[in-house]
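Taking it in order: structure first as structure tokens, then the write-up.
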Amino acid sequence: MSAPNKSYDPVEVEALKPEQIARMRDEALAAIAAAGDLAALHEVKVAHAGDRSPLALANREIGALPPHAKADAGKRVGGARGEVKRALGIRQEELEAERDERVLVEEAVDVTLPLDREPAGARHPLTTLMERIEDIFVAMGYEVAEGPEVESEWLNFDALNIAPDHPARTMQDTFFVESAATDDDQSGVVLRTHTSPVQIRSMLDREPPVYVICPGRVYRTDELDATHTPVFHQVELLAVDEGLTMADLKGTLDHMVQSLFGEGMTTRLRPNYFPFTEPSAEMDMECYVCRGASVGDPDRPCRTCGSEGWIELGGCGMVNPRVLTACGVDPEKYSGFAFGFGIERMLMFRHNVEDMRDMVEGDVRFTRPFGMEI
Ligand code: DAH
């Protein structure tokens, strides 16, 4: 029979001997002192203060001791564990402070250094100007309509009342993609020379009333120089409804130039000829820089309008009834007005761009000063 438990001496339990506890504590304290960073300290914590650390295991032995021996052993182990815990806390704080200091140095940002980021691009001013014009008309209830740049000869010319032998057809120097089989055949294919064929497409696609704004790229066989480019942009507008008159056209134009160039701006119409409008007019806007003050005053020349007082915008008129008929719209019931103008030209006088080539070369040094509007 074994002896009763009460004669059990904690000193006899190897793990609870004072020198063993002192050794465990000293090893833990040495490891804590040697931990060079927070990760190492974490490992030390697991090894020397975790559930399976020598001191924790020793602590478990206490439960098996007789009551009179528990207090003594508990004090010894508890004292050692307390010391280890405090040392861990102190070392943790030291290492955190060291880390914070290092991070401040290593991750410092010198806000005075020049930026080395990729330079951001910029939207092309032609795009932003076109979108601005679209917005003006969308706000008035117009719809944005687009058509193909490779267009049938019929839509680009014939449906617009530009007959095969019409001088306008030769006046517009056209890129032919496919020639018509014969002279009066209408089956050729061209790069559209204007956005007016989108008028035709819009009327063929919709029942009146039709209110569309048609921005787009157009092509003519011009050499690229300071004032010409073989590819450029136009904005076309078409309104077809009952009772529309030239007064509606004039009011619409005035609204557009006021929205783009400022309060009180006005336009004027000069008689002209276009096969697809009757009557037709050339539209000018008041010079938004000198407002006419430069006219006849050599002391106040205006670069924007060349001291003319007016800036030519484009063409306009009441849609020719023949065009309405070609599109299946009854000219007895409906009337329409239309206008079209070039965006490059507007960008030139609106922003004093002197060379058309700057607009097509794609250099961000040209586009960036116009801003990053998105
Ligand atoms: N299509 C014409 C051109 O490119 C411009 C134009 C004139 C458009 C009169 C129109 C208009 O809609 O009514 O020269």
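The values are calculated or read from the model by the stated rules, or taken from the named source; none is laboratory data. Owing to the predicted nature of the structure, the values given are computational and were not obtained by experimental measurement. A quick note on method: Cβ atoms are made from the backbone with ideal geometry, for glycine too, and the neighbour counts reach across all protein chains shown. The protein model used for the area step is the full one, side chains on, heavy atoms only, and it has no ligands, DNA or RNA in it. Shrake-Rupley method; radii C 1.70, N 1.55, O 1.52, S 1.80 Å.
Odds and ends about this structure:
- Helix 38-49 vs. the chain, principal-axis angle (Cα, 0 to 90°, nearest 10): 30 degrees
- Taking the longest Cα principal axis of the chain as reference, the axis of helix 246-261 is set at about 40 degrees.
- Accessible-area value, ARG357, 1.4 Å probe, nucleic acids and ligands omitted, Å²: 80 Å²
- Counting only DSSP beta bridges whose two residues both lie in segment 125-370, roughly 95 percent are antiparallel.
- If you plug the beta carbon distance of PHE176 and ARG350 into 1/(1 + (r/R0)^6) with R0 = 30 Å, you get a FRET efficiency near 0.35.
- Here the peptides 192-202, 306-316, 262-272 are ranked by packing, the mean other Cβ count within 10 Å, and the order with the highest first is 192-202, 306-316, 262-272.
- Base-10 log of normalised Debye intensity for segment 228-348 (one unit scatterer per alpha-carbon) at q = 0.17 Å⁻¹: -0.89
- Relative contact order, percent, segment 226-282 [alpha-carbon distance under 8 Å, six or more residues apart]: 17 percent
- Once the convex hull of all Cα atoms in segment 14-106 is built, its volume per residue stands at 73 Å³.
- Rounded to the nearest 20, the Cβ-based charge dipole of segment 125-370 about its Cα centre (Lys and Arg +1, Asp and Glu -1) stands at 640 debye.
- Taken over segment 321-374, the convex hull of the Cα atoms encloses 163 Å³ per residue.
- Using the Cβ-Cβ distance between GLU361 and LEU38 with R0 = 51 Å, the FRET efficiency computed as 1/(1 + (r/R0)^6) comes to roughly 0.35.
- Positive-end residue, segment 35-112 charge dipole about Cα centroid, Cβ charges, pick of LEU104, GLY89, LEU57: LEU57
- Considering only SER259, SER196, PRO164, the residue lying farthest towards the positive end of the dipole of segment 135-263 is SER259, judged by Cα position with unit charges set on Cβ.
- Restricting the calculation to Cα atoms, segment 125-370 shows an Rg/Rh of 0.97 when the hydrodynamic-style radius is the Kirkwood one.
- Label sites at ASP330 and LYS85, each approximated as a point 7 angstrom past Cα along Cα to Cβ, lie 9.8 nm apart.
- On Cα atoms only, tilt of 67-106 relative to the major axis of the chain in degrees: 30 degrees
- ALA30 paired with ASP72, simple spin-label distance in nm, labels 7 Å along Cα-to-beta-carbon: 2.8 nm
- Converting phi to 3J(HN,Hα) with the Karplus coefficients 6.51, -1.76 and 1.60 and the offset θ = phi - 60°, segment 315-330 yields x, 7, x, 8, 4, 4, x, 5, 5, 4, 4, 4, 9, x, 9, 6 Hz in sequence order, with x at every glycine or proline.
- Inter-site label distance for GLU98 and ASP248 at 7 Å from Cα along Cβ, in nm: 8.4 nm
- Over all other residues within a Cβ to Cβ distance under 11 Å of VAL177, the charged ones net out to -3, with Lys and Arg as +1 and Asp and Glu as -1.
- From its DSSP helices (H runs of at least four residues, each -39,500 (n - 2.57)), the chain gives a residue-normalised ellipticity at 222 nm of -12000 deg cm²/dmol.
- Unmatched cysteines, the chain - criterion: no other Cβ of a Cys under 4.7 angstrom: CYS214, CYS316, CYS327
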